[in-house]
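Below: one structure, written as structure tokens.
Any read-out appearing in this document is the output of simple, stated calculations on the displayed coordinates, not a laboratory observation. Keep in mind it's a predicted model, so treat the numbers as computed, not measured. Neighbour counts are summed over all protein chains in view; Cβ atoms, including those assigned to glycine, are modelled from backbone coordinates with ideal geometry.
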Amino acid sequence: MSMRNNPQPRPTSAANSCFDARSYWETRLQEYPGLCGVGNTCLGRSYIQWLYKVRRAVFLRLLASLRTDFRAARVFDVGAGTGFYLELWKQVGVSSVAGCDLTEIAVARLRSILPWARILRLDIGETLPSSERGCYDIVSAFDVLFHIVEDKLYERAVRNLCSLLRPGGLLLFSDLLPRNGALRAEHLTFRPLEEVTALLGRTGFEVVGRVPMFVVMEEPLDSTSQWYHFLWKLMTYPVKRSELAGFLIGGMLYPLELILTNVCEESSSTEIVICYKRHEEAIPR
């Protein structure tokens with residue numbers, strides 16, 4: 001998620017109904033191809049690469065903890081972007097991998113570089129094709145849902161995630177889930193943990209756990225500690241001004257982050273939510 005040229009998220013109850021997500025992301029991915037386009041661009045390429053090393057390690061560790069044989073699983077990745085998670089699912093050895101993205105630029109690139117994956121141009125907040133309903137054992141949506149700023153579209157997106165899955169299927173998504181009210185900016189909305197958990201329950205999911213994606217390497221937006229925010233600004237000051245500093249600081253924090261994400265139960269930044277679709281839930285029509 002990027003705050004570049006955009007206001008920091010602030011506590012508010014009003015959604016931005018005028019935000020054009022497709023235009024925003026088409027423009028952004030054109031300007032910032034690769035991982036920088038889907039990361040916090042002001043932190044620089046070198047630091048972002050360390051963040052994605054953390055993402056990879058945390059993702060694979062989480063899958064190992066589920067003690068599931070994924071070889072027969074059909075996977076659908078929402079907001080596939082650069083294909084980072086599509087490639088991780090393939091590495092795990094799942095039966096088939098499909099994905100979607102909001103933008104033409106991402107879809108065209110993914111179809112070119114990942115011929116083994118089926119890629120759709122799809123807005124998960126819009127009507128879902130009937131051919132995709134109930135087809136998948138696993139759905140992933142990493143750093144996607146908080147970019148849906150309109151609450152009605154957000155609820156429809158969650159219902160669509162449920163609709164994609166077969167009964168008993170697994171949903172993994174990442175989000176920042178504040179404990180003290182929503183945080184909003186132009187292109188993102190972080191909804192409260194209690195609100196999101198209640199919505200998941202209403203739409204047919206059982207939430208079985210949350211694990212930190214980051215503890216110290218992303219901005220602690222959900223922390224009320226001024227000291228924590230000061231340390232973050234102090235650490236990122238050189239990162240934002242030098243690729244070398246981003247490489248060195250990211251490299252020093254990487255092993256610490258792997259330890260902290262393994263031992264901490266919660267985070268003041270991004271977490272991964274683990275859900276299963278309830279067996280008794282009918283596929284929405």
Burial-style ranking of 101-113, 58-70, 131-143, average other-beta-carbon count within 10 Å with highest first, yields 131-143, 101-113, 58-70
Under the rule rounded for a/c under 1.5, else prolate if a/b exceeds b/c, else oblate, using alpha carbon gyration tensor axes a ≥ b ≥ c, the stretch 10-277 is classed as rounded
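Placing unit charges on C-beta atoms (Lys and Arg positive, Asp and Glu negative, everything else neutral), compute the dipole magnitude of the stretch 10-277 about its Cα centre in debye, rounded to 20. Could you put the intermediate results ahead of the total?
Details: 30 positive and 29 negative charges, 105 e Å.
About 500 debye.
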Sorting Pro255, Tyr136, Leu114 by the position of each Cα along the dipole of the stretch 10-277 (Lys, Arg +1; Asp, Glu -1; all at Cβ), the one nearest the positive end of that ordering is Leu114
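What is the local net charge at Glu266, summed over the other residues whose Cβ is closer than 14 Å to its Cβ (Lys, Arg +1; Asp, Glu -1)?
Values: positive: Arg179, Arg210; negative: Asp175, Glu194, Glu218, Asp222, Glu265, Glu271.
Local net charge: -4.
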Of the residues Gly246, Leu231, Phe76, the Cα lying farthest along the dipole of the stretch 10-277 towards its positive end, which is defined by charges on the beta carbon of Lys, Arg, Asp and Glu, belongs to Phe76
Ordered by fewest other Cβ atoms within 10 Å, a rough proxy for footprinting exposure, Met252, Met235 read Met252, Met235
